[in-house]
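Visitor: Just dropping this structure here.
Just so it is clear, none of the values below were taken in a lab; they were calculated from the coordinates. Because the structure is predicted, anything quoted here is derived from the model rather than measured. Note: ideal-geometry Cβ built from the backbone for every residue, glycine included; neighbour counts use all protein chains shown.
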There are 2 protein chains.
Amino acid sequence: MHSLSSQATRPLSSSLSHYSTSYFRFISLSLPLFRTPKSHPKFFTISPKAPIFTVRNCTSISAKPSSELRAKRANSDSDSKLRALRDLFSKPGVGIDAYIIPSQDAHQSEFIAECYMRRAYISGFTGSAGTAVVTKDKAALWTDGRYFLQAEKQLSSSWILMRAGNLGVPTTIEWLNDVLPPGGRVGIDPFLFSSDAAEELKQGIAKKNHELVFLYDKNLVDEIWKESRPQPPNKPIRVHELKYAGTDVASKLLSLRSELVEAGSSAIVISMLDEVAWLLNLRGSDVPHSPVMYAYLIVEIDKAKLFVDTSKVGPEVMDHLENAGIELRPYDSILSEVESLAAQGAKVWLDASSVNAAIVNTYNSACEKYYQSLENKRKSKTEAYDDSNGWSEGPTGIYRLSPVSLAKALKNDAELEGMRSCHLRDAAALAYFWVWIEEQINKNVKLTEVEVAEKLLEFRSRQPGFLDTSFDTISGSGANGAIIHYKPEPDSCSVVDKRKLFLLDSGAQYVDGTTDITRTVHFGEPAARQKDCFTRVLQGHIALDQAVFPENTAGFVLDAFARSFLWKIGLDYRHGTGHGVGAALNVHEGPQSISFRFGNTTPLQSGMIVSNEPGYYEDHAFGIRIENLLVVKEVDTPNRFGGIGYLGFEKLTFVPIQAKLIDLSLLSGAEFDWLNDYHSQVWDKVSPLLDGSARQWLWDNTRPLVKQ
Amino acid sequence: MHSLSSQATRPLSSSLSHYSTSYFRFISLSLPLFRTPKSHPKFFTISPKAPIFTVRNCTSISAKPSSELRAKRANSDSDSKLRALRDLFSKPGVGIDAYIIPSQDAHQSEFIAECYMRRAYISGFTGSAGTAVVTKDKAALWTDGRYFLQAEKQLSSSWILMRAGNLGVPTTIEWLNDVLPPGGRVGIDPFLFSSDAAEELKQGIAKKNHELVFLYDKNLVDEIWKESRPQPPNKPIRVHELKYAGTDVASKLLSLRSELVEAGSSAIVISMLDEVAWLLNLRGSDVPHSPVMYAYLIVEIDKAKLFVDTSKVGPEVMDHLENAGIELRPYDSILSEVESLAAQGAKVWLDASSVNAAIVNTYNSACEKYYQSLENKRKSKTEAYDDSNGWSEGPTGIYRLSPVSLAKALKNDAELEGMRSCHLRDAAALAYFWVWIEEQINKNVKLTEVEVAEKLLEFRSRQPGFLDTSFDTISGSGANGAIIHYKPEPDSCSVVDKRKLFLLDSGAQYVDGTTDITRTVHFGEPAARQKDCFTRVLQGHIALDQAVFPENTAGFVLDAFARSFLWKIGLDYRHGTGHGVGAALNVHEGPQSISFRFGNTTPLQSGMIVSNEPGYYEDHAFGIRIENLLVVKEVDTPNRFGGIGYLGFEKLTFVPIQAKLIDLSLLSGAEFDWLNDYHSQVWDKVSPLLDGSARQWLWDNTRPLVKQ
């Protein structure tokens, strides 16, 4: 149905937005003041131990070569931007001593539109994670170990590079407290900080009596970006058909409203883009990899309002919204609506970990106004006023995690059917791809990691319902496979080497579902060391795949199953084992996860989707990861001790695991049987979608192995 | 060296103190206001989720039959005690409306001396866990599901039985807040509550404006107990020889003092009896099962004082203490010493989870006095006084967990050598025992569970260095094996049935170490169901035994290994998998544990001892548990990913696992090899200690199995 078109090449050519699928693994790598998507702050704030802002050292990536000329040009360009920005500091209505420019958009999105990439614009540093802080005489950029080399190349000499996580490197707050004279005014765009993050910042700088200044009216970077700033995306919104969504909007709103009533609230502001899309059965194309549109949604008990650029709303979507009783409002009228909710006395449910500080603060100020005016009325007694009701019935913020996160994670039958179906088409695309790449490599055709990723996209785009990649493909040959967040760039990437391991982590958005798969292969003869490591990663993968566990088990309980075979020889991997995946939505979602970090106590529940992706990475040598997506499902165990249900996993991903990388002598009988059984399922499910050499390839790669 | 003597029979005849080895498994079963030994509150208070006071429903035990006559006698006896107690409420210096009588002694001990069993005396209920609360017109006793039946029989009609954990049953605090008129005075003996527990109680009852009254001078139950109250124990203290202790007292004190300095403190009060015994290389016989003596220890930078009944201190111990620079003080002078520490300006390290409220409160009051007098001096200015120093140098409590807990858990080579050695002698005793019981059963001799436990004690007592059982033997035939805390009583226990599973969980104190072992056997033909369950418990036991894991791994991470095989068929067990064990000390110690509860984040460290005891319990049918003790040790892995060490376990326990209960077809090749390898080690290590039929029995039960 959908062909490649211009959309398909965008994600790959964009160097500005490249969260990888391994994003979750290094979620705790986040910089000070860098907020991770909504589902993950929860993960860390629950934990009594896990720091919210941890930084790990990790392998640096090789950055593009940059000529002297380019460096100089960047320098003067960068200086003029900084000058222009600082000129604004003293303008009326601004009056600040420093300005913080984070990486975020107003919705804590993982993938953001170019017009919101203000930190990249002002600093020249295009990595996905970073925070820029500009004072009257200094400019500093924080990023983590993934990006040190890239930042060194991209930043002009006007910028101080803060290598976050390195010994002695201050946090943003520490640095501000150090360089600003006491009593400074630190400006932020309050839309770009979650309420929680802004509060943390405010308290941190208050130690030196600095004041946090919310500049609601203008983003200072946008002011200097001017005409060259890309337009906000305005691709048309489409209806996500009921046959894929499974539950109609009316039913979803009904459930949400009953949760509102139960919590004693009368309205909720939903700001996570995937939550808006899921709740309204709508999809958009505003950002790469994620089929969402920029919008806020306010759901009240008797009405609901969608705040969106109305030019994106065609007649079909308009009908769809009207049928569900949803009114349209301009995207930028969100604050005035929040104000009027408070004025009407609405008790608003706000998830302070995802809703931005502009909204939360505006609501709180409006609440104060409400009570002030009530007090004035009471004092003046000019009007008849019933004292007893006014206070208890007045507006209050109800601060809780968004209830949509869990509802969205529990997939219904239609969503699961879509996920199953698109995974088979995805597997077919991969079969065609593997045949192609093996042929090319055997013909000694030189292929770069980027060319390979582009070809994979081409095969995927031929599949019905294909829309987009679900993240930037990680295509890593040899040592590049050991860089967990590797993103090959056309002018610096490696050629895929027949003599080395090749790690391919990729995924797609289809109209009916979302995929995310990693396979590691060798085109020649793997070394014994590589086979040993690969087999242990596979054993961990199998152990998690086969796990059965009681209801109410949190994902971290299962994490050790995936590591135990590596541990036996003193190996491990520095990322979690599984993340949630949306159904035709974000490739990374919460609230569940499977990780060695035990802060996320969300139980795995029937209908949740998780990835199963243990790995092993040998620095400067090779990387291994084997990733399938799984659905949590009830298992019909012969007993039900404790009167509760027992859960296990159903596989969604059906792509062969390369046999030549397996040391069969390490496998137990049960593991051996798992492998043959899996391959037999792959053949049964995927071969009908293939013909020619791809069908033959599938047969060659799924035929039963015989234990020596 | 040591023979049975009178000591050996005492633990079995005492019905008042019967914590079982399964104690830790149900640690969270604790009643409101019932404090568990010090190492375990940590476990729960760290957790963000695990409630401190959880109660699980568990199988009730079958209590002794009680005749009408006995019930009536108890009734009038009980009433007169309550009357006498209430008479004291209005006495000068008392003036209370309610009195709480917990199970504890002043040291949060697991096993306590009879003279401290005040709750049993006042209520007539002799179970190990319970809290009695007496008001002017009501008397209530809280206990948990283990003891509902027993409490029903033992309590007179004057008592309300509070079935803790049952729906709608209030906590002690809730009940007090309900029955007392607001502004009541609730009395406690502050020695019997940890400071943390007293604080929790104080805050809880403050909601109804009740006041918590500390009655320092007299325990009201002791007042009415009078002459019939047993004398405090005064068995002689002995020196724990350096060849067993491994580290001399001077070195231990040096380490402790450097920790004090590092924490900015100048003294520490140590109140856990095993910590005092470990630190001073002393052992006592004041309580059953645990070789400790009632004492407090205060260590300052330049001196140390032991508060103990000096009649227990003979010349050898006196020399030993003098050599280590330790002064003796009377046991009951602890409070005046704490007062004088504050007056001298000492900053005292106090573990509020274990040190009692009497000590902590006395110190705090004395600190207040200190500052009051300072303030007075400053105001009157009658004396020259340097303002700048007085405050920073004054006394302050430093509230942290005791550093002795971890130091004691990390066994040195001598301690490990003692543990290894006594485990072999213990295994020899068990071999003689198993031969004997099999012979008796085959001859159809009727043996009760208690007779069997007594015979086991006899075999153990013949081993050199035997001192005592390390807990009350759990000897459970058939359905009794499913009662995790089962304690057979002579007049109510079952006959060991040839046709049923028999679970035997027991342990001993030797001069050089402490044992704790569970084996489950069948004397006839086990059913397929029993073999299936037993084999899965064994597979879990093997998986944990064989685990290798990186440094800094907490025990809860490994817990699922022990359950996964049961989970696959929908089974589980409702207790933790491992607890710490002292070296010739308490059979239960912290700070580490292996449990599904993830509140205890203490990493497993080289030298720690843990039990490995998965189980399965089928109510009213049978119980299975397989328990070995393990030492955490470094493993020489071929890799050391992350530059850290990898840890695994060394077995201490060498007793055969009954082969007829194993369904060999369920075992993997590796599991099968584990079993044969273990049995071969058992033979090699234990056969030299055996002769005659026991040697033959060991051979029969350790010879290699052949896979079908």
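Visitor: Just round it to a whole percent: the fraction of Cα-Cα distances in segment A:185-318 exceeding 17 Å. Write down the numbers at each step before the final one.
Guide: Numbers: 6218 of 8911 pairs.
Value for segment A:185-318 (Cα pairs over 17 Å): 70 percent.
Visitor: Using only the Cα atoms of the protein assembly as shown, construct the convex hull and provide its projected area averaged over every direction, in square nanometres to one decimal. Don't skip to the end; give the middle numbers.
Guide: Values: hull surface 243.1 nm².
Over every viewing direction, the Cα hull of the protein assembly as shown projects on average to 60.8 nm².
Visitor: Right, next: When you count, for each residue, the other Cβ atoms within 10 Å and take the mean per peptide, how do B:210-216, B:351-357 rank with the highest first? Numbers along the way, then the final one.
Guide: Numbers: B:210-216: 17.9, B:351-357: 25.7.
The peptides rank, most packed first, as B:351-357, B:210-216.
Visitor: Under 1.5 on a/c is rounded, so check that first for segment B:212-255, then, if it is not, pick prolate when a/b is larger than b/c and oblate when it is not; a ≥ b ≥ c are the square roots of the alpha carbon gyration tensor eigenvalues.
Guide: Here segment B:212-255 falls in the oblate category.
Visitor: Using DSSP, restrict attention to beta bridges with both residues in the protein assembly as shown and report what percent are antiparallel, rounded to the nearest 5. Show your work: numbers first, answer last.
Guide: On the way: 116 of 154 bridges.
Here the antiparallel bridges make up roughly 75 percent for the protein assembly as shown.
Visitor: Beyond 20 Å, how much of the Cα-Cα pair distribution for segment B:446-512 remains, as a whole percent?
Guide: In whole percent, the long-distance tail amounts to 28.
Visitor: Taking amide H positions as placed in the peptide plane 1.01 Å from N, state which residues far from A:L652 in sequence (5 or more) or on other chains have amide H under 5 Å from it.
Guide: A:L629, A:L630, A:V631
Visitor: Under the convention of a label 7 Å out along Cα→Cβ, give the distances in nm from A:Q372 to the same position in every other copy, shortest first.
Guide: Counterpart label points of A:Q372 in the remaining copies fall at 4.7 nm.
Visitor: Tell me, what is the FRET efficiency for A:V261 and A:N323 to the nearest 0.05, using R0 = 35 angstrom and their Cβ-Cβ distance as r? Please report the intermediate quantities before stating the final value.
Guide: Working: r = 23 Å, r/R0 = 0.65.
Efficiency at R0 = 35 Å is approximately 0.95.
Visitor: Next up: Assuming R0 = 45 Å, can you tell me the calculated FRET efficiency for the pair B:E316 and A:I644, based on Cβ-Cβ distance, to the nearest 0.05? Intermediate results must be reported in sequence, preceding the final value.
Guide: Numbers: r = 58 Å, r/R0 = 1.28.
It comes out at approximately 0.20.
Visitor: Dipole magnitude of the protein assembly as shown about its Cα centre, charges +1 at Lys/Arg Cβ and -1 at Asp/Glu Cβ only, in debye to the nearest 20? If you can, show how the numbers build up before the last one.
Guide: Details: 152 positive and 170 negative charges, 9 e Å.
The calculated dipole for the protein assembly as shown is roughly 40 debye.
Visitor: Next up: If packing is taken as the average number of other Cβ atoms within 10 Å across a peptide's residues, how do B:118-125, A:607-614, A:658-665 rank, most packed first? Display every interim value, and only then the final one.
Guide: Numbers: B:118-125: 24.0, A:607-614: 25.5, A:658-665: 15.9.
Ranked from most to least packed, the peptides come out as A:607-614, B:118-125, A:658-665.
Visitor: Further question on the same structure: Distance check, please: which entries in A:K202/A:K369; A:K81/A:K226; B:K207/B:K369; A:K568/B:K660 exceed 20 angstrom between their Cα atoms?
Guide: Numbers: A:K202/A:K369 22 Å; A:K81/A:K226 11 Å; B:K207/B:K369 28 Å; A:K568/B:K660 30 Å.
As for pairs spanning more than 20 Å Cα to Cα, those are A:K202/A:K369; B:K207/B:K369; A:K568/B:K660.
Visitor: Let me ask another. Put a point 7 Å out from Cα along the line to Cβ at A:D619; what are the distances to that point in the other copies, in nm, shortest first?
Guide: Going from nearest to farthest copy, the values are 5.5 nm.
Visitor: Using 10 Å bins from zero, what percent of all Cα-Cα pairs in segment B:378-508 falls into each bin?
Guide: 10, 27, 21, 12, 8, 6, 7, 6, 2, 0
Visitor: Checking the a/c ratio against 1.5 first, then a/b against b/c, what shape does the Cα gyration tensor give for segment B:659-705?
Guide: The shape class here is oblate.
Visitor: A follow-up question, please. Any idea how far apart A:N442 and B:L410 come out in nm if each label point goes 7 Å out from Cα toward Cβ?
Guide: My value for the distance between the label points is 5.9 nm.
Visitor: Between copies, how close do the B:M318 label points come, placed 7 Å along Cα→Cβ, listed in nm from shortest?
Guide: Distances to the matching label points in the other copies: 10.4 nm.
Visitor: What average number of partner chain Cβ atoms lie no more than 10 Å from the Cβ of the residues making up A:543-551? Spell out each step's value before the answer.
Guide: Details: counts 2, 0, 0, 2, 4, 7, 6, 7, 0.
Averaged over the peptide's residues, the number is 3.
Visitor: Starting from the 7 Å offset along Cα-to-Cβ, what nm value, one decimal, do you get for the label separation of B:Q231 and A:R499?
Guide: 8.7 nm
Visitor: Right, something else. Sort A:310-317, B:440-447, A:459-466 by the packing proxy (mean of other Cβ within 10 Å over each peptide's residues), most packed first. Working shown, then result.
Guide: Details: A:310-317: 14.6, B:440-447: 12.6, A:459-466: 19.5.
In decreasing order of mean packing, A:310-317, B:440-447, A:459-466 become A:459-466, A:310-317, B:440-447.
Visitor: Suppose a student asked you for the relative contact order of chain A, using Cα pairs under 8 Å spaced at least 6 residues apart; what percent would you report? Could the numbers behind the result be given before it?
Guide: On the way: 1513 pairs, mean separation 94.9, N = 708.
Result for chain A is 13 percent.
Visitor: Sticking with this structure for a sec: What is the helix-to-structure angle for A:357-380, meaning the angle in degrees between its Cα long axis and the longest Cα principal axis of chain A, kept from 0 to 90 and rounded to the nearest 10?
Guide: Result, in degrees: 30.
Visitor: Excluding same-chain residues fewer than 8 positions from B:K252, which aspartates and glutamates have a Cα within less than 17 Å of its Cα?
Guide: B:E241, B:E262, B:D274, B:E275, B:E300, B:D302, B:E322, B:E327, B:D413, B:E415
Visitor: Quickly work out the B:A84-to-A:K685 label distance, labels modelled 7 Å from Cα along the C-beta direction, and quote it in nm with one decimal.
Guide: Spacing of the two 7 Å Cα→Cβ label points: 7.6 nm.
Visitor: Which value does Rg/Rh take for segment B:494-568 over its C-alpha atoms, Rh per Kirkwood?
Guide: Values: Rg = 16.0 Å, Rh = 14.9 Å.
Rounded to two decimals, Rg over Rh is 1.07.
Visitor: Across the residues of A:570-581, average count of Cβ atoms on other protein chains within 10 Å? Could the numbers behind the result be given before it?
Guide: Values: counts 13, 8, 8, 2, 2, 0, 0, 0, 0, 0, 0, 0.
Per-residue shielding by partner chains comes out at 3.
Visitor: While we're here: For peptide A:639-650, what's the mean number of Cβ atoms from other chains within 10 Å of each residue's Cβ?
Guide: Details: counts 8, 4, 11, 5, 0, 2, 1, 6, 1, 2, 0, 0.
Counting Cβ atoms of other protein chains within 10 Å of each residue's Cβ and averaging gives 3.
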